[in-house]
Each structure stands twice: as C-alpha cells, then as structure tokens.
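The values are calculated or read from the model by the stated rules, or taken from the named source; none is laboratory data. For clarity, every value in this text was computed on a predicted model and none was experimentally measured. Virtual Cβ from ideal backbone geometry, glycine too; neighbours counted across all protein chains shown.
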Amino acid sequence: MAAMEVYLVGGAVRDKLLGRPVKERDWVVVGATPEAMRAQGFTQVGKDFPVFLHPETHEEYALARTERNTAPGYHGFEVHASPDVTLADDLQRRDLTINALAEDAQGQLIDYYGGRQDLEDRLLRHISPAFAEDPVRILRVARFAARLAADGFRVADETRQLMRDMVASGEVDALVPERVWQELVRALGEATPSRFIEVLRDCGALAVLFPEINRLFGIPQPERYHPEIDTGVHTLMVLDQAARLSEEPLVRFAALTHDLGKGLTPREQWPGHRGHEARSAELVDALCDRYKAPNDFRALARLAARYHMRCHKAFELRPATLLETLEATDAFRRPERLERLLLACEADYRGREGLEDRPYPQAELMRRAYEAAAAVEARPLAEQGLNGQAIREALTRQRIEAIKAVRAEPSDEEHP
C-alpha cells in the first residue's frame, strides 16, 4: 500500500491505553479507492460502507469516510468516502473522544480531539455537535458507561446536557426497535449493566424507551424486606447481582424486568405489591413485543416475573406446588431454563441493601426437587399397562412423593 496510509483506530487503541485486553482491531485506510483495495486482495463486505476484509487476517479495513445526517433516526445518513478524506475527517464522525484515537504504522498515537486526556480524566465526552445527529449514540454512551464504570468513568457534563436536549427534541423517538434491543443486549453484557439504566434515566431516555423500568423509581417497598425501599434502586441492585452470578444477557434481562408490575401497584396498596407477579409478566410481554425480543428472552423473563416469589418461598411450598412450579418452567424438557430462572431469583434475593452476600438455599432445594422428580419416568408406568391420563396421574403422584422425600432430607443450610 505505497500510496495508502493505514491506521489502527477506535477501541483497540483505547483499550490498549487503558491496559485492557484488545479483543479486535479495526483499521482505517486513507488515500485509497475500492478498486485499489480489491486489487490488493481485499474482499469488500456490505453495500452501505466501504469496508474490506484483509486477505490474511480477515480484520476489517474501512476507507476513510465522512457522514452527513439527511433525515431523523439511525438510517438518515449520507456516506462519503474518497481518497481526499483525511484521518482527522474520519475520526471526527465518531461518537466519543476516547473512541477517536488512532495509531500509525510506527505505533505513534494520533489524538486530534483530546481522547487521551479524557481517558486520564475518566470522561465520556462527545467530539462535536454532530453527535446529536444520531440518537443511537445516547445508547452507546450509556453502554460505555456500563463497561467502564469500574474504572471510574462518568459522562461529561456537556455531553449529559446534549443528550438531554436530544431527548427533549424527540430524537430518541426515531430509534428503530431492533437497534434499541441490540444496544440493550450489549449493555446487559457489560461489567456494570446498572450504569446503562442510570445514564438513560439521567438524560430522560429511559422514560421514552423503557417506561416500565423508569416508573419503578420512587415506588416504595416494605422496609422489612427491602432496606433500600425504592423499587428502582432494588431493580438496579438485582441487575448487578445477576451480573455477578451469570454472564448471560438472558439471565440479566430477566433480573432487570422481574418486578415491572410494582410500577402499576395502586398507591393505596403501598408499600405492599399484591399481585405484582402477574402484572410484571404482562409488562414483560409488552416490552418484548415493542422491541421484537427473541422468544428465549421473553420466556425466561416471564417466568422470573411470575415465579420469583414462589422460588423465594420454596421451603414453605407443598410438594405438589413445587412440582407445579417445575412443570411451569418446562424444567423436564429444558433443565437449563430452570437453572437460569434460579440464577435470576438468586439475584433478586441478593439485590437488597445489606443482603448482597446472603446464601440462597432455596435454589438448591429447587434443584434437588427437580432431580428427584426427573428421576421418575413414564416408561415403567406404561410397562405396567397404564396409558394416557392414567400415566399422567401416576407420574404426578410419584413425582410428588419423590419431592416429599427430598423435603424430608436434612439440609446443610438452614433455610430463611
């Protein structure tokens, strides 16, 4: 590439300066054309942007480009890529200063917009007013806040104000559901997912995008069970507990949405929330419908909303009710779903002020009940000459007896 200049850009440079592992590398090519890239063995991918795959490493190389907003929302952009677009031009279209860093072929840092200083100051700061042209950037800032929370990063004051202005002007209303869901799932996978919710709430975007979550803040719960009192605060604590227990966004989403129904509890019932489980399940459905969530996210979140209180009371339940709960989760066909549900319930149990490390023996009881019930199979009953409804009734009776035997066994842990 004699006439071309290649630069390492974005996250790889940022993470290298932060001392974090570099997971993938992106490159910008200045002074090149698509024809020149293809002539050197690069494979063009996509139609909207001039992006190419390296013939050996298969890393992405993008021609330097600029973008111009032409309509509201994520898709309203006009892309311009040509050999006369400079590296500074390309980096200026990015969202945050810490993502606009580059490195040349000699490993020298290139920093046009103060990204290195913002890394040192732990600031998430936008590069230019063009930030306001793309509402997805609000979600990205919140996601980076969730990723870098443990390093002490915060949103710069001027960026917070710009995000608030964007929400007030209706920019967030133009977001397409699929992109909102994509950013939510990515954020759920970050180290401190609660920060994603906090940043969106601070700028007003949470009320627009996730009103079911936003209205939980300020709703009281009984202090006897919830020293933190505020349902919104509890929800964020549960979400971070889920992040401690599982890396799966499925589990974290279920934890985030398990108490949505408390936001609709009539004020005269406060701080109690009778019947919130059914309301929560309905609101999970509404949220998943709105953002076209995959079925596995919806299914687990509905179960967590509907049955988390039952799991908490596992030691008090009759064996028949324990079996009914296992059947409702489809545990005998999908044992992995039961395990995810128990993780979400454990996160809920621990997501309370001062109780973050409290044991959750209810999960072990549920697992033992499942194992005992699953060991009872239908085949021996069929071999006895039973069929149809008779098999189902006998299977239920024997599984209840198996669970009853488990309940009678001494436990290593004293249940609450």
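For the reader, a short list of remarks on this structure follows.
- Residue count, region 285-329 (criterion: under 17 Å from the mean Cα position of the chain (by Cα) and not in a helix (DSSP H, G or I)): 3
- Within region 116-163, being in contact with a helix residue (DSSP H, G or I) (Cβ under 6 Å, 6 or more places away or on another chain), touching a residue at least 40 places away in the same chain (Cβ under 8 Å) and more than 17 Å from Phe196 (Cα to Cα) holds for one residue alone: Leu119.
- Unmet requirement for Phe332, which otherwise passes all of (1) closer than 19 Å to Tyr370 by Cα; (2) part of a helix (DSSP H, G or I); (3) of a type outside the set (Lys, Arg); (4) in contact (Cβ under 8 Å) with a residue 24 or more places away in the chain: (2)
- Scanning region 18-56 for residues that are within 36 Å of the chain's Cα centre (by Cα) and part of a loop (DSSP other than H, G, I, E, B) yields a total of 16.
- Failed criterion for Gln398 (all others in (1) in the same structural domain as Val233 (by TED's automatic domain parsing); (2) free of Cβ contacts under 8 Å to residues at least 60 places away in the same chain hold): (1)
- Against the criterion of being among the β-branched types (Val, Ile, Thr), in the same structural domain as Leu300 (by TED's automatic domain parsing), within 23 Å of Asp285 (Cβ to Cβ) and surrounded by fewer than 22 Cβ atoms within 10 Å (Cβ to Cβ), Thr265 qualifies.
- Selected residue [touching a helix residue (DSSP H, G or I) at 6+ places or on another chain (Cβ under 7 Å), of a type in the set (Ser, Thr, Tyr) and under 25 Å from Glu158 (Cα atoms)] from Thr257, Thr235, Thr192: Thr192
- Residue in region 400-410 that is part of a helix (DSSP H, G or I) and under 27 Å from the mean Cα position of the chain (by Cα) present: no
- Selected residue (only one of Glu336, Glu364, Glu371 is among the acidic types (Asp, Glu), under 27 Å from the mean Cα position of the chain (by Cα) and not assigned by TED's automatic domain parsing to the domain that holds Gly261): Glu364
- So Glu158, is it touching a Gly at 6+ places or on another chain (Cβ under 9 Å), more than 23 Å from Leu264 (Cβ to Cβ) and not assigned by TED's automatic domain parsing to the domain that holds Ser280: no
- Pairs, first more than 19 Å from Ser246 (Cα to Cα) in region 176-193, second part of a loop (DSSP other than H, G, I, E, B), C-beta under 8 Å, six or more apart: Val176/Gly73; Val176/Tyr74; Val176/His75; Pro177/Lys292; Glu178/Lys292; Arg179/Tyr74; Trp181/Lys292; Trp181/Ala293
- Restricting Leu139, Leu119, Leu162 to residues that are more than 22 Å from the chain's Cα centre (by Cα), surrounded by 14 or more Cβ atoms within 10 Å (Cβ to Cβ), within 14 Å of Cys203 (Cα to Cα) and among the hydrophobic types (A, V, I, L, M, F, W, C) narrows the list to Leu162.
- Pair list, Cβ < 9 Å and 6+ apart or interchain, from region 287-313 residues that are acidic (Asp, Glu) to residues that are modelled with pLDDT of 95 or more: Asp289/Arg298; Asp296/Leu250; Asp296/Arg337
- Qualifying residue in region 167-187 (condition: polar (S, T, N, Q), buried (at least 19 other Cβ atoms within 10 Å of the Cβ), not in a loop (DSSP other than H, G, I, E, B) and not assigned by TED's automatic domain parsing to the domain that holds Arg274): no
- Boolean, Leu148 is part of a helix (DSSP H, G or I), within 24 Å of Arg252 (Cβ to Cβ) and modelled with pLDDT of 95 or more: yes
- Hits in region 304-347 - residues which are closer than 20 Å to Thr235 by Cα and of a type in the set (Phe, Trp, Tyr): Tyr307
- Among residues of region 82-134, those that are assigned to a loop (DSSP other than H, G, I, E, B), among the aliphatic types (A, V, I, L, M) and either at pLDDT 95 or above or assigned by TED's automatic domain parsing to the domain that holds Ala168 (or both), counted: 3
- Test result for Glu353, exposed (fewer than 15 other Cβ atoms within 10 Å of the Cβ), touching a residue at least 60 places away in the same chain (Cβ under 8 Å) and either closer than 21 Å to His276 by Cβ or of a type in the set (Lys, Arg) (or both): yes
- Qualifying residues in region 194-215 (those that are surrounded by 22 or more Cβ atoms within 10 Å (Cβ to Cβ) and aliphatic (A, V, I, L, M)) - the one nearest to Leu260 (Cα to Cα): Ile213
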